[in-house]
Amino acid sequence: MGVGAPIWNRVEAVLESGAKIGLAMTGGGIEVCSWLLNHPGASRAVVEVQVPYHEKALANYLGVAGPHRAEEETARALAARAYWRVRQFAGKEMLSIGVGCTAALATRRQRRGEDRALIALRTDRGYRFFSLHFEKGEADRLGQEEALSRFILQVLGETCGLEEQLEGGWPSASISKEVRDISASEPLEAVLAGEVDVIEAHFPENMNSEVERRGRLLFPGSFNPLHEGHIALAQAAQRRAGLPLCLEISVANVDKPSLAYAEVAQRLDSIQGRYPVVVTRAPTFVEKARLFPGCIFVIGYDTAVRLVEGKYYDEGIAGMEAALSEMAAVGCRFLVAGRLHEGEYRTLSAIEIPCDYEYMFEEILEEEFRIDISSSQLRASQDNIRP
């Protein structure tokens, strides 16, 4: 099928730019792939096009189990995979661009959410994210696809260094647009993609997958945000253990979606170099113990309760005992801080620990540390004071 002169000229300019491009699209943006591939000499620039439409195909392409919804993190992961495959196949000498798009466009079924598309472009400089929101009913599926593909072609050209705009623009009626940029970290991309199981961040901006695994003092948490309670507890734990402390953030969660790249980057930035941080894919303590044998975990009362109660394990008491046994076998221990729980300050002494594993748990005394504050309370208070 032929295209008009504006699209033809824009595609030719992209192909002549010297960039090497990989595209990974799901749910929309497919027409731009056709425009690029149907142009003579497309191989000058296009290294690969992937359209993993089925959820299992998408999970296989990304290397991480889904669900992968139409949201920014999915677009980022698609762009990252496309970018690294371009680097793998075409080398590092030219400008490499990975384009990722995930969309929920007009469909026959009733959708609760809005019609939208999330686009990410990954280059050597970092990520640029675009979010398009379509007014429902203003355009049909083909109209939305046309607008989305024209928009991708426009921003792809800009990324290739083209100053002129796509002639005729892109259909902007009833479409809202958001744009933002974020730096890229190869180690962080790797742990989110499941290519490595742990990385360590030393500041400023120094991340690597060469991580000391044994005999560490680790403080797991979300640190959203890092606050004075975390800092005071870290100081108390360091005094008691006589070891330098490292924070641990898991991108995978037991009962929540995995953290997005931007969320992890924001949390690392908020820590501002106060402590080194290990980023893992280990949501449970037994998984953390496998990564860090012989380590001491710094935890609070409520976490200690979940560690020793069978109801928090799929296999009940047997599962709890198996987990404690495995952690004991690799020499892991726990420093437990008291916490305000249901209006009462509770400590390790209030927890019934199986006698075979009591030696693994050591109390941080109230006089060593007590600050009744939580990240959730801080987030709630911040939300309340926002205009």
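The values are calculated or read from the model by the stated rules, or taken from the named source; none is laboratory data. Just so you know, these numbers come straight off a predicted model, no measurement behind them. For neighbour counting, all protein chains shown are included, and Cβ atoms are generated from backbone atoms with ideal geometry for every residue, glycine included.
Below are the figures for this structure:
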read-out	value
Residues (of a type in the set (A, V, I, L, M) and either closer than 18 Å to ASN9 by Cα or at pLDDT below 90 (or both)) located in segment 149-180	ILE152, LEU153, VAL155, LEU156, LEU162, LEU166, ALA173, ILE175
Which listed residue, of VAL11, VAL64, is in a helix (DSSP H, G or I) and in contact with a helix residue (DSSP H, G or I) (Cβ under 9 Å, 6 or more places away or on another chain)	VAL11
Only one of GLU352, GLU321 that is surrounded by 14 or more Cβ atoms within 10 Å (Cβ to Cβ), among the acidic types (Asp, Glu) and not in a strand (DSSP E or B)	GLU321
Residue identified as within 24 Å of the chain's Cα centre (by Cα) and either exposed (fewer than 15 other Cβ atoms within 10 Å of the Cβ) or in a loop (DSSP other than H, G, I, E, B) (or both) among PRO187, PRO257	PRO257
Odd one out for SER222 among (1) under 23 Å from VAL308 (Cβ atoms); (2) surrounded by 20 or more Cβ atoms within 10 Å (Cβ to Cβ); (3) touching a Ser or Thr at 6+ places or on another chain (Cβ under 9 Å)	(2)
Residue list for segment 31-61, restricted to those being closer than 21 Å to ARG10 by Cα, in a helix (DSSP H, G or I) and hydrophobic (A, V, I, L, M, F, W, C)	VAL32, CYS33, TRP35, LEU36, LEU37, ALA42
Residue in segment 135-145 that is under 25 Å from TYR61 (Cα atoms), acidic (Asp, Glu), over 25 Å from the mean Cα position of the chain (by Cα) and modelled with pLDDT of 90 or more present	yes
Filter result for ARG274 (closer than 21 Å to GLU362 by Cα, surrounded by fewer than 20 Cβ atoms within 10 Å (Cβ to Cβ) and among the charged types (D, E, K, R))	no
Unmet criterion (only one of (1) within 19 Å of GLU73 (Cβ to Cβ); (2) free of Cβ contacts under 8 Å to residues at least 24 places away in the same chain; (3) acidic (Asp, Glu)) for GLU212	(1)
Residue ID - farthest from LEU340 (Cα to Cα), chosen from residues in segment 304-318 that are free of Cβ contacts under 8 Å to residues at least 24 places away in the same chain and part of a helix (DSSP H, G or I)	ALA318
Matching option when the condition is under 18 Å from the mean Cα position of the chain (by Cα) and under 29 Å from MET320 (Cα atoms), among GLU263, GLU248	GLU248
Verdict on GLU146 being out of contact with any Lys or Arg (no Cβ under 9 Å at 6 or more places or on another chain) and surrounded by fewer than 21 Cβ atoms within 10 Å (Cβ to Cβ)	yes
Unique match (being under 18 Å from ALA193 (Cα atoms) and free of Cβ contacts under 8 Å to residues at least 60 places away in the same chain) among SER270, SER258, SER250	SER250
Qualifying residue in segment 292-303 (condition: assigned by TED's automatic domain parsing to the domain that holds ALA237, out of contact with any helix residue (DSSP H, G or I) (no Cβ under 9 Å at 6 or more places or on another chain) and buried (at least 20 other Cβ atoms within 10 Å of the Cβ))	yes
